[in-house]
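The values are calculated or read from the model by the stated rules, or taken from the named source; none is laboratory data. Not measured: the values here are computed from a predicted model. Glycine gets a Cβ as well: all are built from the backbone with ideal geometry, and neighbour counts include every protein chain shown.
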Amino acid sequence: MEFDQLVKRINELSRKSKTEGLTPSEKEEQTKLRNEYRALVVGNLSSQLNGIKVKHPDGTITELKKNGG
């Protein structure tokens, strides 16, 4: 599912949960979509952070990457 469609469906389910309530299958869908959203956001942030380079006063450049495990 595309990001915009994902957000749209999450919002639809959120509105419905506040007004009429959700069926068990809709609650399950909501949880699945929220987890998918989180994974996309974390992946995007990780990609952005891995692309950052730090220039030190001595002129050397170090890439900002995840440490160890």
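Before moving on, here are some points about what is shown:
- Whether a residue is among the acidic types (Asp, Glu), at pLDDT 95 or above and either surrounded by 10 or more Cβ atoms within 10 Å (Cβ to Cβ) or over 19 Å from the mean Cα position of the chain (by Cα) (or both) was assessed, and GLU63 does not pass this test.
- If the condition is being among the polar types (S, T, N, Q) and in a helix (DSSP H, G or I), then the stretch 27-69 contributes GLN30, THR31, ASN35, ASN44, SER46, SER47, GLN48, ASN50.
- Leading residue by the ranking (surrounded by the most Cβ atoms within 10 Å (Cβ to Cβ)) among those in the stretch 28-60 that are within 19 Å of ARG9 (Cβ to Cβ) and of a type in the set (Ser, Thr, Tyr): TYR37
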